[in-house]
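Have a look at the structure below before the remarks.
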Amino acid sequence: MMEATLQNISARLKAFDYLHKSGLYSALLLRQLNQELDEIHQSVNETHMQNPNKETHNLLSEINKARNDVQKMYKDDFFNLETMKKRLRYLNNRAQSCKTIPNDFRSSCHQRIMTRISSPTMTKLNSISKSYISGAWGRDALLSNTERYWEHCLVSGHKHGNTIRMYNSREDFMANRNYKDEQIASSYSDKNAVQGSGTILYDNTVFYQCYSTAEICSFNITTKLTKRMKLDGAGIDNKFPFCYYSCRDWTDIDLEADHDAVWVIYATEENHGNIVVSRLDPLELNITHTWKTHLFKRSVTSTFMMCGVLYATRYVNAYQEEVFYAFDTTTGQEINSLSLPFEKVSAGIANLNYNPVDGKLYLYNDAYLLAYDTFN
């Protein structure tokens, strides 16, 4: 009789299980929501005091209305946090876009959204071995730097690495000659070793996910100094890798460089596994802005940043990929209707990054290295 009673109770509770897990009815989550609104209000208010304009004025009004709605939820004891969370994410993205960003960052691209990707302009096997299917490669992304190409292969179970190979010209890179292997860490298991294929080179500094942690490391090749910063809430160890057709292990955190900033692309439980984009100060190694998207990270194969716009790709077939999504950090606009196909030579993508110096995309396609021209 007791067993039958328990089964009956379990069946009756099952209907409410989704509400409990999704946080649609929780006084604690409502208080957290109210706290986040207060933080956004404080941030926008400070921006408005420094540079008052129509956008900050309107945003303050919308935030105050949202705060009143939260208070009404308290009073009426009627919670629908899913709708309010979406509203909060929208307000937060607009608040991030209102914060101070350098003028040259905002105006450097006359046409913000990319329109076409060329056929591969460069194709070669990586310089180590065809068995090294994960890694990254490209050109130093700082506009004022000389022509420096780099190549980083993950050689420990396609997961870890501790060296980056440097070339001083495209000719040397293509011929695999006159290179120098720079040691990022003393071993593959050192605390400063590289984890995953989301590596980028900006201003002779390597930015990457630190070994087995939700932290970003920067290694200056000239000074040999390493800095670290924590990436709060970021999923690691294949919690939120790039997937779509098949999951690519150790791609939870993706570093990108664009103009005067380094970007980190990741996902959090708080954002339901959807992509989060944070802009980093490359010198201080701290986060200056963060945007939350509605794009589930496991539904894409790769991402890159161009002109402050996040682009995402998806698998078409073993020899074709497609850019299908864009998120503009300046406007907070999401575009789901893109269709920009490009060729590849193998199914798997380990890394894709854009370089603002030459306007090219650099792809680590299993063991092959490809480059493309881009058009705005």
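Give me the 1.4 Å probe accessible area per residue for the chain, excluding ligands and nucleic acids, in Å².
On the way: 17280 Å² over 376 residues.
Ligands and nucleic acids excluded, the result is 46 Å² per residue.
In µm²/s, what is D for the range 233-334 at 20 °C and 1.002 mPa s, where D = kT/(6 pi eta Rh) by Stokes-Einstein and Rh is the Kirkwood radius from Cα pairs? Mind showing how you got there, number by number?
Numbers: Rh = 13.7 Å.
Once the numbers are plugged in, D ends up at 156 µm²/s.
Tell me, what is the percent relative contact order of the range 116-375, built from C-alpha pairs under 8 Å that lie six or more residues apart? Kindly include the intermediate steps, with their values, before the conclusion.
Values: 726 pairs, mean separation 51.7, N = 260.
Relative CO of the range 116-375 lands at 20 percent.
Report the percentage of all Cα-Cα pairs in the chain whose separation exceeds 37 Å, rounded to a whole percent. Let's see the in-between values first.
Details: 17817 of 70500 pairs.
That tail contains 25 percent of the Cα-Cα pairs.
Whenever you get a sec, compute what percent of the accessible area on the range 118-229 sits on carbon and sulfur atoms (1.4 Å probe).
Details: 2120 of 4580 Å².
For the range 118-229, the apolar C and S fraction of the accessible surface comes to 46 percent.
Projecting each Cα onto the charge dipole of the chain (Lys/Arg +1, Asp/Glu -1 at the beta carbon, about the Cα centre), which of 60, 289, 207 comes out farthest on the positive side?
Result: 60, furthest along the dipole toward the positive end.
Identify all aspartates and glutamates with a Cα-Cα distance to residue 292 below 13 Å; exclude those on the same chain that are fewer than 8 residues away in sequence.
Candidates past the 8-residue exclusion: 269, 270, 328, 334.
State the percentage of accessible surface on the range 282-376 attributable to carbon and sulfur atoms; use a 1.4 Å probe and exclude ligands, DNA and RNA.
Values: 1460 of 2940 Å².
Carbon and sulfur together cover 50 percent of it.
Express in whole angstrom the spacing between the alpha-carbon centres of the range 313-342 and the range 214-238.
27
When the helix-only estimate is applied to the chain (DSSP H runs of n ≥ 4, each -39,500 (n - 2.57), divided by the residue count), what is the mean residue ellipticity at 222 nm, nearest 500 deg cm²/dmol? Display every interim value, and only then the final one.
Numbers: 6 runs with 97 residues, N = 376.
Using -39500 (n - 2.57) per qualifying helix, the result is -8500 deg cm²/dmol.
Mind putting a number on the dipole of the chain about its Cα centre? Charges go on the C-beta only, +1 for Lys and Arg and -1 for Asp and Glu, and I need it in Debye to the nearest 20.
Numbers: 41 positive and 43 negative charges, 89 e Å.
About 420 debye.
How would you rank 47-56, 200-209, 232-241, highest first, on the average number of other Cβ atoms within 10 Å across their residues? All intermediate terms of the calculation are to be shown ahead of the outcome.
Working: 47-56: 13.1, 200-209: 24.5, 232-241: 17.7.
Listed from highest to lowest mean packing, they are 200-209, 232-241, 47-56.
Ranked highest first by the average count of other Cβ atoms within 10 Å around their residues, in what order do 269-280, 117-128 fall? Intermediate results must be reported in sequence, preceding the final value.
Numbers: 269-280: 19.7, 117-128: 15.4.
Result, highest mean first: 269-280, 117-128.
Where the only charges are on Cβ atoms (+1 Lys, Arg; -1 Asp, Glu), what is the dipole of the range 173-269 about its Cα centre, to the nearest 20 debye?
On the way: 9 positive and 14 negative charges, 72 e Å.
I would put it at about 340 debye.
Given a 10 angstrom Cα cut-off, can you work out which residue in 177, 148, 94 is the most mobile in a GNM of the chain?
177
Quick one: which of 61-71, 342-352 comes out on top by average Cβ neighbours within 10 Å, and what's the full order, highest first? It would help to have the intermediate numbers written out before the result.
Values: 61-71: 14.4, 342-352: 21.1.
Result, highest mean first: 342-352, 61-71.
Take the cross-link list 159/360; 130/344; 124/344; 191/230; 159/191; 86/297 and give me the ones stretching past 19 Å between alpha-carbons. Walk me through the intermediate numbers first.
On the way: 159/360 26 Å; 130/344 16 Å; 124/344 12 Å; 191/230 14 Å; 159/191 14 Å; 86/297 17 Å.
Beyond 19 Å between Cα atoms: 159/360.
The values are calculated or read from the model by the stated rules, or taken from the named source; none is laboratory data. Predicted, not measured: the structure shown is a model, and the values here were computed from it. A quick note on method: Cβ atoms are made from the backbone with ideal geometry, for glycine too, and the neighbour counts reach across all protein chains shown. The accessibility values were calculated without ligands, DNA or RNA, using every heavy atom of the protein model including side chains. Shrake-Rupley method; radii C 1.70, N 1.55, O 1.52, S 1.80 Å.
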